[in-house]
Amino acid sequence: METHSQVVDRLRSVFCSGITIPEEFRRAQLTKLMSMIKENEEVILNALHKDLSKPKFEAALAELDIVTNDLHYAINNFSSWMKPEYVGTNLATKLDTCFVRREPLGVVLIIGPWNYPLQLLLLPLVGAIAAGNCVVLKPSELSPATGSLLAELVPKYLSQDCYAVVCGAAEETKALLQNRFDHIFYTGSQTVARSILQAASVHLTPVTLELGGKCPCFIQGRVDIAAAARRLVWSKFFNAGQSCVAPDYVLCSQSTRDALLPELRQALEDFYTKDPQKCPDLCRIVSPRHWTRLIELLKKTRGKVVIGGESNEEDKYIAPTVVVDVAEDDALMEEEIFGPILPILTVESLQEGIDLINRKERPLALYVFSDESSIVNTVLEKTKSGGFCSNDGIVHMTLPTLPFGGIGASGCGSYHGRYSFETFSHRRACMLRGWGLERLNALRYPPYSEDKLSWLRWTTSPKSCSIM
């Protein structure tokens, strides 16, 4: 069996041979990746269910379809993304050909998380392949069935010379990070992200970080409470709340909260029946350790559980739970919840809600529920977040024409669609010069003079472009 360094060295040697550069090769690999997903849908769904008890509906939408949609988009468009982008020139460069050329970075590492173990590993892979890179994939050890399946399928469909899957736990990841990569793409927690950055700094490797954070849902002004409750319940409890873009907490007035609670109860009963534990449409918590962490948060909160709260350790089950009377300094507000617990905080004005949001780290997503466009626009203009969506949750990340990524503590860099291609490409500035206009070029040669400086400044100034 190859060591990690041997895998990386082998892929680097292959990359240097130029095999990944031609458009035909990239297209063939993207097409094979599409086939891998379509031809193995049932076994993929079974693996996802084994890891997280994912219902077929959620797995098909969030794991399979989002990747195949991005693949379709890339296959149909990456040819144009590869073309040189010609730029404007000034008088001094009038006869030159100036353009930006997208080139692959080399050998890149993609480290995936456990909550969407297929989507969040393969979506960045689409961009890495389209951009012409060799790739090492590292699935999460907390979703072993999916990780093992990908380790089996990827070599069957994609070029084994250019793409490798490395499985293992934290020690294996640490050993893998000791190698020099040309880019590291990591999705996961802020704690691990700090270790990734430290390892990358040794080789000055650029990093894309897709992290999480406490995504607020601000309900303000006139709103369709029943519709808001359904959309909030769906986006919060999809995948049992184990989504980096799930609404982490709700901000609303006390009167809105009082109107919202019965609608939340009704939506939860409509979605998951009166006995959610027996409902096949509700995921489970990924591991006993994560289950314990969530239960400890519920024990520490000073808020009041008004919906749910039931749990079963053996089943790794926690009922969809709503907690009210939560203060800003409550245990539920200290870290990203990443589970089926929804705290509601009361604020009595638009500005109070905005101020609370801005006191927190910048979230990966921010949601505003309101029928009043002035409120939506005010929150949009006065806050910062990786993404923004009004009157719904999560759905903004399904559109491949929008960039997906964080800001500040919620991450750096973005991907999806063309943004994935750009993330895994180097934008090389190119100027092709001839031997003409040497008399004009002589203005820059010694001996220097004020006249030469004046003329040279004019030829290189933005104003000189207007006479071209």
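Any read-out appearing in this document is the output of simple, stated calculations on the displayed coordinates, not a laboratory observation. As the structure is a computational prediction, the values presented were derived from the model and not from experiment. Cβ coordinates were reconstructed from backbone atoms using ideal geometry, including for glycine residues, and neighbour counts include every protein chain displayed.
Give the residue from P216, C279, T321 lying farthest towards the positive end of the charge dipole for the range 215-401; charges sit on Cβ (+1 for Lys and Arg, -1 for Asp and Glu) and the dipole is referred to the Cα centre.
Checked the options; the winner is C279.
At 0.36 nm per residue, and after removing the present C-alpha to C-alpha distance, how many nm does the segment from D451 to Q198 gain when stretched out fully?
Gain on stretching D451 to Q198: 85.9 nm.
In nm, to one decimal, how far is the modelled label at R302 from the one at S461, with both set 7 Å along Cα→Cβ?
Reported label-point gap for R302 and S461 is 6.5 nm.
If you fit an axis through the alpha-carbon atoms of helix 225-237 and take the longest principal axis of the Cα set of the chain, what angle between them do you get, 0 to 90°, nearest 10?
The answer is roughly 70 degrees.
Between helix 190-202 and the chain, what is the angle of the helix's C-alpha long axis to the longest principal axis, kept within 0 to 90° and rounded to the nearest 10?
Taking the Cα atoms of the chain, the angle to 190-202 is about 20 degrees.
Among rounded, prolate and oblate, which fits the range 401-456 when a ≥ b ≥ c are the square roots of the eigenvalues of its C-alpha gyration tensor, a/c under 1.5 means rounded, and a/b larger than b/c means prolate?
prolate
In vacuum, with every alpha carbon of the chain counted as one equal point scatterer, what does the Debye formula give for log10 I(q)/I(0) at q = 0.07, 0.09, 0.11, 0.12 Å⁻¹? Two decimals, please.
With no solvent term, the Cα-only Debye profile gives -0.43, -0.67, -0.92, -1.04.
Once fully extended, how much extra length lies between K156 and E328, figured as 0.36 nm per residue of separation less the alpha-carbon to alpha-carbon distance?
The span from K156 to E328 would gain 56.8 nm if fully extended.
Could you state the per residue volume, in Å³, of the convex hull enclosing the Cα atoms of the range 195-283?
Each residue corresponds to 135 Å³ of Cα convex hull volume.
Take the eigenvalues of the Cα gyration tensor for the range 215-401, scale each by 5, and report the square roots as semi-axes in whole Å, largest first.
Semi-axes from the Cα gyration tensor: 25, 17, 17 Å.
How would you order 3-14, 120-131, 243-254 from highest to lowest mean count of nearby Cβ atoms within 10 Å?
Output ranking for 3-14, 120-131, 243-254: 120-131, 243-254, 3-14.
By how many degrees, 0 to 90 and rounded to 10, does the Cα axis of helix 144-157 deviate from the longest principal axis of the chain?
Value to nearest ten degrees: 30.
Taking the Cβ of R101 as the center, what net charge do the other residues with Cβ under 15 Å away carry, scoring Lys and Arg +1 and Asp and Glu -1?
Value of the local net charge: -1.
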